[in-house]
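The values are calculated or read from the model by the stated rules, or taken from the named source; none is laboratory data. Note that this is a predicted model, so its numbers are computed, not measured. Reconstructed Cβ throughout: ideal geometry from the backbone, glycine too, with neighbour counts over all protein chains shown.
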Amino acid sequence: MKSTVEQLSPTRVRINVEVPFTELEPDFDRAFKALAQQVRLPGFRPGKAPRKLLEARIGRGAVLEQVVNDALPARYSEAVTSTEVKPLGQPEIEVTKIEDDVELVFTAEVDIRPDISLPDLSTLTVTVDPVEVTDEDVDAELQNLRARFGTLTGVERPIVEGDFVSLDLSATVDGEEVPEAKTEGLSHEVGSGQLIEGLDEQLVGMSAGETKEFTTALAAGAHAGKDAVVTVTVGSVKERELPEADDEFAQLASEFDTIEELKESLTDQVKRYKSIEQAEKIRDAALEMLLEQVEVPLPESIVQAQIDETVHNAIHGLDHDEAKFEAMLAEQGSSREEFDADTRSSAEKAVKTQLLMDAIADDLEIQPGQNDITERLMLMSRQYGMEPQQLIQALQQNNQLPVLFADVRRGLAVAAVVEAATVKDTEGAVVDTSEFFGRPTEAEELIEAAAADAEAAGAEDEAGEADEDEDDTK
């Protein structure tokens, strides 16, 4: 088999493949064996009919068509491997020549991962705010803990923000009742904003047994974006009483004996939360800086696939009704044009990030280890409320394991970017990123091995640069 590659654009190629018929003989054998099981010829048991008789009965053209259709996927894969093309998505295959007993010729156009010129990651400098824990932060955390142990007590007064109420709700649109908006005895914290828009403002000042009507736009369901007349009746009003923040509460709510020990623990907890937030900001800043510096040609079909998926998910809950979707966007102060522009921008950024992380992972020869995959599977199993083995089976059935592997690999590439960069806070102190972005052991070993090989080969300058890069990233 002979294959050549034409570069159509930085992100698309045409692979030209020529297959001699002698190489298709195994494919013909398989085709005739399958046909022998399907076609009954007088005097022959199933599967025993001679090849020539089968061909005479069915016709050479039909046999040839089946052989070609069956052979194309494997020959395409072989051509991709031999030409070292890195395809993205499915190819567009066209058979350009079938000369019986001579050759099969076809072309395959496919998007590919573009060549990307990567910068020296050690030149990246990221600045973030320092981690600071204030008394207000600790007090807020203590307040949340007290709220968990609070008790609800009925009150006979108008509703104020923070009260817990029991509600009966109903709604009509153009005089017709909205079934999904009708509920009775619903518990709600006033001010939480978790129900219908404008409800909390209407509830403040109402009392138990009182009914009120108001108009608001529905955000979801069959009437999304339309104005509805909402009727709300207050059943009961309760306020939350919080326990005193003393040693007795510390013993009730934690393993500590004193309130001071509890506050120290909450201080560490808040610091941990803020360290995680800082790590997320470091990651985002490093990626943004890298995306600004590196030019990444984008394969349009891959970008469009992302756009199509986003649009499908956005209007799926509206029965793919474009008018309802546009009405909902208008209610949110947006438009279809703005939505489409934002969707394209987000898709282009997502594809660019994926391609860039893949290029970095290739450059650093990063490969996820078993622990990396297991850690991601455990996290996903908790998110989806599934046993790890059930999750693995689901991923296998939907052919999503390669996607999981690629996602984990990109995450390791992001960690390598951050570790290589210089990270400081706004006060000039160097931020230790090793806890959240430690370089994968396998990649580190490969880098060290590459530096050692360069030194052994007498490339002193290159070896020195590798050592400096390694020092910067640790």
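List of remarks:
- Checking residue 323 against (1) outside any helix (DSSP H, G or I); (2) more than 24 Å from residue 283 (Cβ to Cβ), the condition it does not meet: (1)
- Of the numbered criteria (1) within 29 Å of residue 145 (Cα to Cα); (2) in contact with a Ser or Thr (Cβ under 7 Å, 6 or more places away or on another chain); (3) surrounded by fewer than 16 Cβ atoms within 10 Å (Cβ to Cβ), the one residue 262 fails is (3).
- Test result for residue 218, hydrophobic (A, V, I, L, M, F, W, C) and outside the structural domain of residue 155 (by TED's automatic domain parsing): no
- Residue in segment 205-224 that is under 30 Å from residue 315 (Cβ atoms), outside any loop (DSSP other than H, G, I, E, B) and of a type in the set (Ser, Thr, Tyr) present: yes
- Residues located in segment 281-309, provided they are in contact with a Phe, Trp or Tyr (Cβ under 9 Å, 6 or more places away or on another chain) and either not hydrophobic (A, V, I, L, M, F, W, C) or not assigned by TED's automatic domain parsing to the domain that holds residue 354 (or both): 283
- Flag for residue 312 being exposed (fewer than 14 other Cβ atoms within 10 Å of the Cβ) and under 30 Å from residue 9 (Cα atoms): yes
- Residue match in segment 274-283 (condition: of a type in the set (Ser, Thr, Tyr) and more than 30 Å from residue 431 (Cβ to Cβ)): no
- Restricted to segment 130-159, and to residues there that are of a type in the set (Lys, Arg) and within 40 Å of the chain's Cα centre (by Cα), the residue that is modelled with the highest pLDDT is 146.
- Set 170, 166, 187: member being within 22 Å of residue 236 (Cβ to Cβ), touching a helix residue (DSSP H, G or I) at 6+ places or on another chain (Cβ under 9 Å) and in a strand (DSSP E or B): 170
- Among the candidates 95, 110, 133, 126, residue that is crowded, with 16+ Cβ neighbours inside 10 Å and within 30 Å of residue 25 (Cα to Cα): 110
- Condition broken by residue 383, with the remaining ones in (1) in a helix (DSSP H, G or I); (2) touching a helix residue (DSSP H, G or I) at 6+ places or on another chain (Cβ under 9 Å); (3) over 24 Å from residue 289 (Cβ atoms) satisfied: (2)
- Residue 268 meets all of the listed conditions (1) of a type in the set (D, E, K, R); (2) over 24 Å from residue 413 (Cα atoms); (3) assigned to a loop (DSSP other than H, G, I, E, B) but one, namely (3).
- Residue in segment 403-418 that is surrounded by fewer than 17 Cβ atoms within 10 Å (Cβ to Cβ), outside the structural domain of residue 218 (by TED's automatic domain parsing) and assigned to a loop (DSSP other than H, G, I, E, B) present: no
- Every pair of residues 6+ apart whose Cβ atoms lie under 7 Å, when the first sits in segment 287-313 and is under 30 Å from residue 328 (Cα atoms) while the second is basic (Lys, Arg): 307/344
- Condition check for residue 245: outside any strand (DSSP E or B) and surrounded by fewer than 16 Cβ atoms within 10 Å (Cβ to Cβ): no
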